[in-house]
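Working notes for the structure below.
The values are calculated or read from the model by the stated rules, or taken from the named source; none is laboratory data. Everything numeric in this text was worked out from a predicted model, so none of it was measured. Cβ: placed from backbone, ideal geometry, glycine included. Neighbour counts: every protein chain shown. For accessibility, only protein heavy atoms count, side chains too; no ligands or nucleic acids. Shrake-Rupley method; radii C 1.70, N 1.55, O 1.52, S 1.80 Å.
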Amino acid sequence: MRDPTVAISASVLLLLLVAVQAAPKVTPVGEKGSKGEMGDEGIQGAEGKQGEKGEQGSKGDKGDLGPAGVTGPSGPKGVAGSKGGRGAPGRKGARGAKGARGDAAKLLRSAFSAGLSKPFPPPNVPIRFDKILYNDQDDYNPVTGKFNCSVPGAYVFAYHLTVRGRPARVSLVARSRKVAKVRETLYGQEIDQASFLTILKLSAGDQVWLEVAKDWNGVYVSSEDDSIFTGFLLYPDVFEVLL
């Protein structure tokens, strides 16, 4: 019978021999060699896939102002705003140039004043005051003794008469009607004055004059005394003028 101990020992030796033969051979490490030369550039690789979106970075510094762009078209008209407050008064402007001369015809005028040249005028007819003091518009006629209204409106008529030697009764006649009467009683060589003033409304074409009554024509005039009849336009009747 074989000894089992010898059989086990032979098996162990056989296994150790196989293990030694299968193990890689270890080459001893030599010294580090010098750096080799750089090789040629390799071929560019294929483009890689787009990476994932990164996180938002911090805000950068403000850049420089760019050039002005092209002016765009005008926009639609906006809604009118509310009325603003009243502004402060402006400065006084320079004086303008002198205007053209106006039409003098627009200045409505009418006036006269005339004196008596002979005493004791005839009665019941217009007294002819033939010594003209003013009559630029020729509205008074010294030949007839009548004032002719050319501008409708309100007129002032007045007289200042010297009376001597006989009484005087003077009437102011307008439109052939005696509108006012004044009497002065004198006898002998006494001298007195008679005065009168009134306002009349006249239309174009109306006539006004003075006259004395029969036996009452003591209106006197001399180198020392005057008798004067006066009238003038106070203001025109604008509506009648326009018509």
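Values computed for the structure shown
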read-out: Which numbered condition Lys25 fails, given (1) at pLDDT 70 or above; (2) over 30 Å from Pro142 (Cα atoms); (3) open to solvent by 70 Å² or more (accessible area, probe 1.4 Å); (4) not hydrophobic (A, V, I, L, M, F, W, C); value: (1)
read-out: Selected residue [touching a residue at least 60 places away in the same chain (Cβ under 8 Å) and of a type outside the set (Val, Ile, Thr)] from Phe196, Phe157, Phe239; value: Phe157
read-out: Among (1) touching a residue at least 24 places away in the same chain (Cβ under 8 Å); (2) outside any loop (DSSP other than H, G, I, E, B); (3) surrounded by fewer than 17 Cβ atoms within 10 Å (Cβ to Cβ), the one test that Arg169 misses; value: (3)
read-out: Candidates Gly218, Gly188, Gly205, filtered to the one that is at positive phi and either crowded, with 17+ Cβ neighbours inside 10 Å or touching a Cys at 6+ places or on another chain (Cβ under 8 Å) (or both); value: Gly205
read-out: Residue match in the range 177-184 (condition: over 57 Å from the mean Cα position of the chain (by Cα), charged (D, E, K, R) and either surrounded by fewer than 16 Cβ atoms within 10 Å (Cβ to Cβ) or part of a loop (DSSP other than H, G, I, E, B) (or both)); value: yes
read-out: Answer from Phe120, Phe112, Phe129 - the residue that is buried (at least 21 other Cβ atoms within 10 Å of the Cβ) and part of a loop (DSSP other than H, G, I, E, B); value: Phe129
read-out: Out of Asp192, Asp138, sole residue that is of a type in the set (Asp, Glu) and at pLDDT 95 or above; value: Asp138
